[in-house]
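The structure under discussion appears below in the form of structure tokens.
The values are calculated or read from the model by the stated rules, or taken from the named source; none is laboratory data. Remember, it's a predicted structure, so these values are computed and weren't measured experimentally. Glycine gets a Cβ as well: all are built from the backbone with ideal geometry, and neighbour counts include every protein chain shown. The area values use the complete protein model at the heavy-atom level, side chains included, leaving out ligands, DNA and RNA. Shrake-Rupley method; radii C 1.70, N 1.55, O 1.52, S 1.80 Å.
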Amino acid sequence: MNDLSSVPTPEDTPVRQRKPDWIRVKAPTSKGYGETRQLMRDLKLNTVCEEAACPNIGECWTKKHATVMILGDTCTRACAFCNVKTGMPGRVDAAEPGNVAEMVLKTGLEHIVVTSVDRDDLPDGGASQFVKVIQAVRAASPTTTIEILTPDFRNKMQRAVEAIVEARPDVYNHNLETVPRLYPTIRPGARYYASLRLLEEVKRHDPSIFTKSGVMLGLGEERLEVHQVMDDMRCADIDFLTMGQYLRPTPKHAEVKEFVTPQAFKAYGAIARAKGFLQVAASPLTRSSYHAGDDFAQMKAARDAKLAKQQLQTV
């Protein structure tokens, strides 16, 4: 009973990093949170809010805003920053598109965000399921705007993008996640320039679709590297940039190298706007789908104003 040989020594025990005050959030306890959680269970839907341990889940679910994660809850990759479990996924759920549409009707969502795990095991990478979800939501609620956040569809990108763009989501999001130098350790299954090309392809097929991408800060990136990513995104004609603080899900994941201050995020945001993005969201708690509906409305208004200004200049 007194054998302590298996007890880890203090130096072997992972040290939990103390989070600064500006990124601490309260545990979700509201009635709206509970109702949203139960609805997802009833419809057998997964959410990235839960699977990725999003810090904003309490606020968003209270408002019945949830980001649906299609194609199961198991990813075929193992990125160093992500809390979604890795393994061999199960069969694609044929009822999933209809369940997503039913969720939209029951919550009255004006703007929905749909993402997925990576499905390198599927011939199309899961693109056809995105198409079916878009079509189901359009049929059930024509006025709901649709934002998708897709994987990179490794080695299947061209056909996947063509099929999804033809279904006409309002926003096509694909996150670059970090600077190119950190890809081998943070996002080893992906390629930085392949992700840029994907977003370029979306614009090439349909310039009217808004494109969006995001990066995490605090992984060890340098300031000038972040500026270069912004320039690369603008060269790909990306409309919307999100920037948020990386938070380590477990001690097994990549460590936080820096807690970036709100002031630094504000400065990055100002630089991004000066570079020509239609919309920028930059704060420690910013995530891809955080306040997505409001951001979409602002981005659309910004493009309308830009187009109106261009028309005046040509008169």
Would you mind working out the accessible area per residue for the chain, using a 1.4 Å probe, and quoting it in Å²? 51
Would you list, by chain and number, the aspartates and glutamates whose Cα falls below 12 Å from the Cα of Lys44, excluding same-chain residues fewer than 8 positions away? Asp73, Asp93, Glu96, Glu102
Using alpha-carbon positions, what is the distance between the centroids of segment 103-153 and segment 194-254, in Å? 20
So for Leu39, Leu224, Leu199, what's the accessible-area order with a 1.4 Å probe, most first? Leu224, Leu39, Leu199
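Which trypsin sites (Lys or Arg not before Pro) does segment 173-209 hold that lie in a coil by DSSP with at most 14 other beta carbons within 10 Å?
Loop-located and lightly packed - Arg191.
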What is the extension gain from Gln310 to Ala270, computed as 0.36 nm multiplied by their sequence separation minus the C-alpha to C-alpha distance, in nm to one decimal? 12.1 nm
Rank Ala281, Ala163, Ala305 by mean-square fluctuation in a GNM of the chain with C-alpha springs under 10 angstrom and give only the top-ranked residue. Ala305
How much FRET efficiency would the formula 1/(1 + (r/R0)^6) give for Arg204 and Gln263, where r is the Cβ-Cβ distance and R0 is 51 Å, rounded to 0.05? 0.85
With every protein chain in place, the chain: carbon and sulfur % of accessible area (1.4 Å): 53
So Met88 and Leu105, fully extended at 0.36 nm per residue minus their Cα-Cα distance, gain in nm 2.9 nm
